[in-house]
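In what follows, a single structure is set out as structure tokens and then discussed.
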Amino acid sequence: MKDLKEKTIRGGLSRMCAQAANFGLRLVALMVLARLLGPKEFGLVGMVTAFTGVLDLFRDFGLSTASVQRATVTEEQVSTLFWINLLVGTTLGVLVLALAPVIASFYHEPRLFWIARVMAAGFVFNAAGVQHSARLQRDMRFTALAIINVVALVISSGTAIVMAKMGYGYWSLVAMTVILPLATTTGLWLTARWVPGPPRKRVGIRSMLQFGGAVTLNSLVVYAAYNLDKVLLGRYWGAAVVGLYGRAYQLVTIPTNNLNQAVGEVAFSALSRVQDDPNRFRNYFLKGYSLVTAMTLPVTLACALFAKDLVLVVLGPKWVDTAVIFRLLTPTIMIFALINPVGWLQLALGMVVRSLKLDLLLAAIVITGYVIGVPYGAKGIALAFSAAMTFWFIPHIALCLHGTMVSLRDVVLAASRPLLSGIVATVIAFGVEFSYGGSLSPLGRLTLGGLVLLSAYVGMLLYVMGQKQFYVQLLRSLRKPATTGDTVLASA
């Protein structure tokens, strides 16, 4: 694709703008719902999603990733994949209906029976839009995808808030969970304007099914590693503790998930298109890696420094016990930002078997931490999770990159400037917070500390670390796209 660089940059900007809006909407919805509902209501829905989230990994069977990763796909292949996706989604929905009494019995909570049954519909809604989303990704139509995601979130969050105000309690959260995939799939169908044809035999999808199956198995392993904590807390400590831990976990993952979705879709699509060009692949990856690190680091530092104030401002005083859990989890924000891009690299290169092996090892380490931490409740789990991820993330990155066109040294150099800028900015922000923060309200401390931290960080990164030219060229390319070469992505 001659204009791949321009589409990548513009697609990335569209997705980041949309994810910024997505982040703001999720944050507002969380602030409102946290004041209308209590930890137990959130905990009840969290108990069910810990189970159904496992099945949700099978809803597209990795076939959207397979469609995007392939250099070429035919209409017959995509149509056949659509019907496979729909069959899988319907099967999973029926399975959740059957598992509803098991879920209620496992947690000793009868209300979970009907919660699980209603949430089963989400599998069908999700499955019906998988190939439409993949089609838009292949065409690099990320602006359209961004608008769809924002509109769907507005509809689902608005419905949940209205229902919570009317006194529907945890059912407002259930409604939000089901309406989001329904609204998203409706938007995908209207935008893609593609109607699948009948399924066909012998259209060359076996390799895509194998690739998708490996991706799905990999996702299952990762999900178990990152969600068994909530299952264990629900089983041994109850809904209220899951609610407290879940809100801390949500505050941590909102920025990570938004950035991962914003950059991940674009990066994976772009890297898949240049997988046979080692130099372009390496340049694209390293500049993207540096950008992700630079964007994530100030969020991580702010969460660690101002954890209690963030909880008081976002969730309210009744959630103050969440602050310690939140602070213990904050290292994972940065760690996820550092390891997620190497996952995009492996998928773009078709290295799904290696990815699966490494994620199995990661899961074993994290789950061991959970087992050690669960007797100490939510704080023990949070500390164990962060400690396990901190222990393993550098070896994980090194093993992921082994034998590729990108080395661990390349990644360290790409991340070093943002990391050094962050250290200096943290010292300055902490000094200001220590000197003046005691006389301010939580919102005042958060505002002052955030502005100081961000100003110091941006100043260090752009002027002391010499990154100004890179970002200036990036902005110029958005106003006037270049037609040849890869100046922006290869410079700096």
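For Thr322, are the conditions met, namely being farther than 17 Å from Leu362 by Cβ and hydroxyl-bearing (Ser, Thr, Tyr)?
It is true that Thr322 is farther than 17 Å from Leu362 by Cβ and hydroxyl-bearing (Ser, Thr, Tyr).
Checked against (1) modelled with pLDDT of 80 or more; (2) touching a Leu at 6+ places or on another chain (Cβ under 9 Å); (3) within 22 Å of Gly122 (Cβ to Cβ), Leu55 meets all criteria but (1).
Here's the yes/no breakdown for (1) at pLDDT below 70; (2) assigned to a helix (DSSP H, G or I):
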residue	(1), (2)
Arg200	no, no
Val222	no, yes
Tyr226	no, yes
Gly243	no, yes
Ala248	no, yes
Val263	yes, yes
Arg280	no, yes
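Applying the selection to the stretch 424-441, what residues are surrounded by 14 or more Cβ atoms within 10 Å (Cβ to Cβ), in a helix (DSSP H, G or I) and out of contact with any helix residue (DSSP H, G or I) (no Cβ under 6 Å at 6 or more places or on another chain)?
Phe430, Tyr436
Selection of the stretch 383-423 for residues being assigned to a loop (DSSP other than H, G, I, E, B) and either buried (at least 16 other Cβ atoms within 10 Å of the Cβ) or touching a residue at least 40 places away in the same chain (Cβ under 8 Å) (or both) yields Thr404, Met405, Val406. Restricting attention to the stretch 304-325, the residues being hydrophobic (A, V, I, L, M, F, W, C), out of contact with any Pro (no Cβ under 8 Å at 6 or more places or on another chain) and either surrounded by 22 or more Cβ atoms within 10 Å (Cβ to Cβ) or assigned to a helix (DSSP H, G or I) (or both) number 10.
Let's see how each residue does on (1) within 28 Å of the chain's Cα centre (by Cα); (2) within 17 Å of Ser290 (Cβ to Cβ); (3) of a type in the set (Lys, Arg):
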| residue | (1), (2), (3) |
| --- | --- |
| Ser421 | yes, yes, no |
| Ile428 | no, no, no |
| Leu453 | yes, no, no |
| Val458 | yes, yes, no |
| Val464 | no, yes, no |
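Within the stretch 99-139, restricting attention to residues that are crowded, with 19+ Cβ neighbours inside 10 Å and among the polar types (S, T, N, Q), which residue is farthest from Ala192 (Cα to Cα)? Looking at residues that are crowded, with 19+ Cβ neighbours inside 10 Å and among the polar types (S, T, N, Q), I get Asn126. For beta carbons closer than 8 Å, sequence separation of 6+ or different chains, a first residue in the stretch 231-248 that is closer than 16 Å to Phe51 by Cβ and a second that is at pLDDT 85 or above and not in a helix (DSSP H, G or I), the qualifying pairs are Ala239/Glu109.
The values are calculated or read from the model by the stated rules, or taken from the named source; none is laboratory data. If you're wondering where the values come from, they're calculated on a predicted model, not measured in any experiment. We place every Cβ from the backbone using ideal geometry, glycine too, and count neighbours over all the protein chains shown.
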